[in-house]
Amino acid sequence: GSKTLDGTKTVATVDGTDIPLGVVSLYAREQQQQTTTMYLNYMGSADNIWDQTAGDDSDETYGDQAVTSSLESVEKMYILKEKAADYNIELTDDDEAAIADAASQFMAANSEETIKELAVTEDQVKTLLELQTIQKKMYDPVVAEGKITVSDDEANQTTFTYVSISTSGDDITDEEKKTKKEQAQEILDKMKEDPTADMSEIAKGVDDSYSAVEGNFTTKESDEDSEDEDHSSTAYPDEVLKVLRGLKDGEVADNIIETDTGYYVVRLDKINDEDATASKRESLQNSKESTYFTDTTAKWLDEADVKVVKKVLKTLKITDKHTFMAPTPTPIPETPTP
């Protein structure tokens with residue numbers, strides 16, 4: 001355990017509005033829970049996440065950074081609430097009823113000890129849920145102001161199929177490289193006989209450990225100096241992309257493509273792949289909108305009159321010794337934005 005927090009204390013003010021520590025504590029524990037769960041799911045362990053120092057020149061830990069980041073996120077939510085009227089955003093009666101029900105469920109689902117550790121009241125749970133609901137409702141109208149678009153040059157995708165045979169590794173011999181190149185040539189020769197053949201079947205016929213993979217890249221080469229440069233093509237070696245850009249639909253490259261790390265056999269499938277393009281356009285649109293929203297709220301935070309009570313903030317700690325796996329409050333049902 002940690003020292004008991006006083007959730008009623010003001011941890012910061014935003015444009016004159018007090019933020020109680022309990023609201024920030026609850027939000028910080030949600031973030032701690034989500035991060036810990038992610039580590040457990042993907043790494044199999046959640047040890048030594050928070051106590052590591054974040055930099056060589058500072059004693060600040062990742063846990064310290066998480067606390068600061070949580071406060072900033074909550075501060076932005078208060079600013080969004082402050083600006084909600086400018087965007088005709090408000091909580092409906094249904095929103096308020098759902099929030100009250102979720103807060104009540106949260107309090108009932110946790111022990112007195114847990115609630116004490118969180119240092120949160122039912123009203124503060126409702127406050128955080130209200131802030132999060134307003135944040136969701138504000139997203140679309142704020143992003144709409146950015147008039148964000150994705151150009152055809154950014155979105156258009158070319159798809160191809162390829163087999164890559166790795167030659168990386170310090171222990172690989174020249175003889176092994178020779179064998180791998182011969183295998184690549186065998187795959188290429190068979191694909192030339194029938195360019196429409198299943199490349200995976202051909203590859204497995206040469207060596208059962210080989211298989212073909214589908215890939216895609218941005219059709220038009222991007223300007224390296226462009227701020228909006230798409231980096232999806234950097235997943236493939238320049239030598240491979242150069243050859244692919246010279247092929248037509250359905251064509252197999254004349255030769256094996258040799259790189260520092262392996263041999264490639266490639267076939268260009270579609271110069272203009274509509275499905276891949278639609279997927280890329282949606283991905284880029286979402287990414288640009290998210291960045292715009294983040295940048296806009298960060299700008300608003302910079303412009304706001306924010307005062308942090310550091311001695312209160314320091315009482316909130318995220319450490320490896322204090323594992324906290326509290327349930328996240330019940331999500332608020334989606335409601336149409338007015």
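The values are calculated or read from the model by the stated rules, or taken from the named source; none is laboratory data. Just so we're clear, the structure is a prediction, and the values are computed from it rather than from any experiment. Note that we place each Cβ from the backbone using ideal geometry, even for glycine, and neighbour counts take in every protein chain shown. Surface accessibility is based on the protein's heavy atoms, side chains included, excluding ligands, DNA and RNA. Shrake-Rupley method; radii C 1.70, N 1.55, O 1.52, S 1.80 Å.
Return yes when Lys147 is closer than 30 Å to Gln285 by Cα, open to solvent by 20 Å² or more (accessible area, probe 1.4 Å), without any contact (Cβ under 8 Å) to a residue 24 or more places away in the chain and not polar (S, T, N, Q) and no when it is not. Yes: the conditions hold for Lys147. For the stretch 106-126, the set of residues classified as out of contact with any Pro (no Cβ under 8 Å at 6 or more places or on another chain) and touching a residue at least 40 places away in the same chain (Cβ under 8 Å) consists of Thr114, Lys116, Glu117, Leu118, Ala119, Val120, Thr121, listed by residue number. Every test in (1) surrounded by 19 or more Cβ atoms within 10 Å (Cβ to Cβ); (2) among the charged types (D, E, K, R); (3) out of contact with any strand residue (DSSP E or B) (no Cβ under 8 Å at 6 or more places or on another chain) is passed by Asp171 save one, and that test is (1). Among the residues of the stretch 264-277, those that are assigned to a helix (DSSP H, G or I) and open to solvent by 60 Å² or more (accessible area, probe 1.4 Å) comprise Glu274, Asp275. Note on the stretch 20-49: residues that are open to solvent by less than 40 Å² (accessible area, probe 1.4 Å), outside any helix (DSSP H, G or I) and either modelled with pLDDT under 90 or hydroxyl-bearing (Ser, Thr, Tyr) (or both) total 2. Restricted to the stretch 233-263, and to residues there that are open to solvent by less than 30 Å² (accessible area, probe 1.4 Å) and hydroxyl-bearing (Ser, Thr, Tyr), the residue that is modelled with the highest pLDDT is Tyr263. If you take the residues of the stretch 287-313 that are free of Cβ contacts under 8 Å to residues at least 40 places away in the same chain and surrounded by fewer than 12 Cβ atoms within 10 Å (Cβ to Cβ), which of them is farthest from the chain's Cα centre (by Cα)? Taking the candidates together, the pick is Lys311. Screening Gln124 on (1) surrounded by 13 or more Cβ atoms within 10 Å (Cβ to Cβ); (2) touching a helix residue (DSSP H, G or I) at 6+ places or on another chain (Cβ under 7 Å); (3) not in a helix (DSSP H, G or I) shows it passes everything except condition (3).
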